[in-house]
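Working notes for the structure below.
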Amino acid sequence: MHEPPRKKSALKYVPWVAIIAFLFIFVGVIVWATGANTALSNTNDALTTLSVEADGYVQTIHSVAVGASVVCCLMAALMVLMSGGRTCLERAVDQRGKAVCGSWLWLATEAVLCAVWWLILFWLVFVIFGSCLWYGATYTVRGVLQVSINTAVAYGNSTVLPPSPFPSLPPSPPLNITNSTVLKLSPPPRSPPPPFVCASSCLNLALFNFLVQKDICVCSVALMSQALYKTNKAYDALGSVVAGAFLMWCGASFLLMSSVADFAKTKRERELLLRAQRAAVDAAAGQLALGTAPGYAPGYGGDTLPLIKTQQMQQAALQQQQMQQMQMAQMMAQAQAAHMRPPGQVSTGASQQNMGHQV
């Protein structure tokens, strides 16, 4: 004898994988957003101290980071809700033993959300790459500032701009012009601008003029020390940025795998249930045609029994209609036989019937 199937507990229907992945994403978003905000602020302060204008870029990055954090959290919450919908479908299938009517709508929605979430996961790869690149660049700038401060202290720099390397020219003698002569002076030729020169004891940012769009030479130890302080704070915050981005990527990867598995499982489950239902209905219809239809089909009684009753009612109505047609055909045949008899035969038969009654 087969043991009756045990009912699942409520805890087995909880989408634990999706919930844990959402927690990873939520914590990662908080860590990443907090670290990115601190790192952006300190990076902007360090660049401003070094006379580098980057407020527009920093504000753009900050706006994109805030929007990306909100979208990522909302999409992750929606994916978890879809996993909860999958558990509801699974429980309904376990209770009824048949495919649920709204499963096709869940499948269509889950397919679209999985595609969107895959794009978000692809974007997170670039977030990790950008965070690591930012981390490495900050480490490099911190080292350069430290070396520049040590060099400036060794040379005793205290000014912002280095002294001009070009010696001053002596004043030209006065020009004597008499009334009898008129000198036609040609305009002086335009001399090319002097080349940018930065002392070796100063911080030369001309190497990065493709980014800063101007030549900058910083010789003040105080300014370089302030920039180094801001850079160190940004460097400390960037560790959280990289860790948060990695947490988001891990959670998003597990959530995508869980959602794709739910989609594949639901799709296959629906196909098998519909195939089993059709097979049970076809078997019941065949038994009904043979007159041996059972009153209950194991496992699909809720689906086949109404169909069997409907087919039985249709068959009874058809049999009753056929009997009525047979009765009408018999009456029409009797009427035609009566009309086809000759009149004399009919009267003789009637007289003989009357004589029989008299006797």
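The values are calculated or read from the model by the stated rules, or taken from the named source; none is laboratory data. Being a predicted model, the structure only gives us computed values, none of them experimental. Cβ: placed from backbone, ideal geometry, glycine included. Neighbour counts: every protein chain shown.
Please go through region 259-270 and give me each residue that is surrounded by fewer than 22 Cβ atoms within 10 Å (Cβ to Cβ) and either at pLDDT 95 or above or not β-branched (Val, Ile, Thr) (or both), ordered by number.
Of everything in region 259-270, those that are surrounded by fewer than 22 Cβ atoms within 10 Å (Cβ to Cβ) and either at pLDDT 95 or above or not β-branched (Val, Ile, Thr) (or both) turn out to be Ala261, Phe263, Ala264, Lys265, Lys267, Arg268, Glu269, Arg270.
Only one of (1) assigned to a helix (DSSP H, G or I); (2) surrounded by 14 or more Cβ atoms within 10 Å (Cβ to Cβ) is not met by Gly67, so which one is it?
(2)
Which pairs have Cβ atoms under 6 Å, sit 6 or more apart or on different chains, and link a residue in region 43-61 that is farther than 17 Å from Gly130 by Cα to one that is assigned to a loop (DSSP other than H, G, I, E, B)?
Leu47/Ala54; Ser51/Ile216
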